[in-house]
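To keep things clear, I will list the structure first and then write my remarks on it.
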Amino acid sequence: MTDTYRHKGLRRKLVETIKEKGIKDQRILEAIGKVPRHLFMDSGFVEFAYRDQAFPIGSGQTISQPYTVAFQTELLQAQKHEKVLEIGTGSGYQCAILLELGVKVYTIERYRELYLKSRTLLNKIGYKPYFFYGDGYLGLPRFAPFDKILITAGAPEIPQNLKEQLKIGGRMVVPVGGSGGQVMIVVERISEKEFKETKHGYFAFVPMLKGKE
Ligand code: SAH
């Protein structure tokens, strides 16, 4: 669990890369500069931790590309102390970035193995979200409403349950589409019944699947 000067140097370079690609929010750049991504990688890929790429993390899933993590986080516009629901804990990296922003994170993962692994790691290095093993399509009605909802897997459509768990004035960031790629959509809840959708470019995520394993 070591974080060396070399790692810090590599992170500084990664922050520069992400900045050049268009991320402006200073809080997010600082978070990327702080979270030791190498601890979230599978052992076979550790040496590539500070490349701006996605990598396998087991159970057929991936740790998202740092630029994509930063882009989704920027779209989320999360403010300190807000309640954020993350669908797809995966490696826990995105979760750590959110926690660095001072928000309260509720994170759900459908693979038991990944849920256990990321829970152990995050707790060990001092990150404290609320962890849930289950199907993100259902959200967490007991803890709703949320200020923000972030989906980190490609959803075939905007999940209705999750729209209903948004606060009025809240926003959800969700990649929508099939295996060929997804459009990044921001859903804003304007009132009880009104939602506004905006599109923000194309991405490639692993699919959001129903049920749990
Ligand atoms: N946020 C993660 C990204 C992991 S990839 C990270 O930073 O590493 C997407 C994750 O979503 C995978 O771990 C996958 O298992 C999970 N996932 C897919 N469908 C889901 C669902 N219905 N509920 C919860 N998690 C889901």
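Can you pull the percent of Cα pairs in the chain with separation above 21 Å?
Working: 11240 of 22578 pairs.
Counting every Cα pair in the chain, those more than 21 Å apart make up 50 percent.
Taking the Cα-to-Cβ direction at PHE45 and at GLN160 and moving 7 Å from each Cα, how far apart do the two end points lie in nm?
Output for this residue pair reads 3.5 nm.
In Å and whole numbers, how far do the C-alpha atoms of region 119-213 stretch along each principal axis, longest first?
39, 33, 24 Å, listed from the longest principal axis down.
Quick one: dipole size for the chain, taken about the Cα centre, charges +1 on Lys/Arg Cβ and -1 on Asp/Glu Cβ, in debye to the nearest 20. Write out the running numbers ahead of the final one.
On the way: 32 positive and 23 negative charges, 98 e Å.
It comes to approximately 480 debye.
Among 174-182, 44-52, 29-37, 102-110, what's the highest-first ranking by average C-beta atoms within 10 angstrom per residue?
Details: 174-182: 17.2, 44-52: 14.8, 29-37: 19.2, 102-110: 22.6.
Descending packing order for the listed peptides: 102-110, 29-37, 174-182, 44-52.
Describe numerically, in nm with one decimal, the distance between label points set 7 Å from Cα along Cα→Cβ at LYS128 and at GLU188.
Between LYS128 and GLU188, the label points sit 3.4 nm apart.
Using 0.36 nm per residue of separation minus the Cα-Cα distance, give me the extension gain between THR120 and ARG12 in nm, one decimal. Kindly include the intermediate steps, with their values, before the conclusion.
Numbers: separation 108, 0.36 × 108 = 38.88 nm, distance 2.65 nm.
In short, 36.2 nm is gained.
Where Lys and Arg each count +1 and Asp and Glu each count -1, what net charge lies around GLU192 among other residues with Cβ under 13 Å from its Cβ? Don't jump to the answer; show the numbers that get you there.
Working: positive: LYS163, LYS167, ARG189, LYS193; negative: GLU164, GLU194.
Summing Lys and Arg as +1 and Asp and Glu as -1 gives +2.
THR17: net charge of surrounding residues, Cβ under 12 Å, Lys/Arg +1, Asp/Glu -1, itself excluded? Don't skip to the answer; put the middle values down first.
Details: positive: ARG11, ARG12, LYS13, LYS19, LYS21, ARG51; negative: GLU16, GLU20, ASP52.
Result for the local shell: +3.
Measure nothing fancy, just the Cα-based angle from helix 5-20's long axis to the longest principal axis of the chain, in degrees from 0 to 90, nearest 10.
40 degrees
So what does the Cα-only Debye profile of region 1-126 read at q = 0.15, 0.17, 0.19 Å⁻¹, as log10 I(q)/I(0), no solvent term?
-0.65, -0.85, -1.09
Could you put LYS124, LYS8, LYS196, LYS148 in order of accessible surface area, largest first, with the 1.4 Å probe and the full protein assembly present?
Values: LYS124 135, LYS8 80, LYS196 100, LYS148 15 Å².
The most accessible residue leads, giving LYS124, LYS196, LYS8, LYS148.
Could you check the spin-label model distance between ILE168 and GLU197? Points 7 Å from the Cα along Cα→Cβ, value in nm.
So the two model labels end up 2.3 nm from each other.
The values are calculated or read from the model by the stated rules, or taken from the named source; none is laboratory data. Predicted, not measured: the structure shown is a model, and the values here were computed from it. Neighbour counts run over all protein chains shown; Cβ positions are idealised from the backbone, glycine included. Protein only, heavy atoms only, side chains kept; ligands, DNA and RNA dropped before computing areas. Shrake-Rupley method; radii C 1.70, N 1.55, O 1.52, S 1.80 Å.
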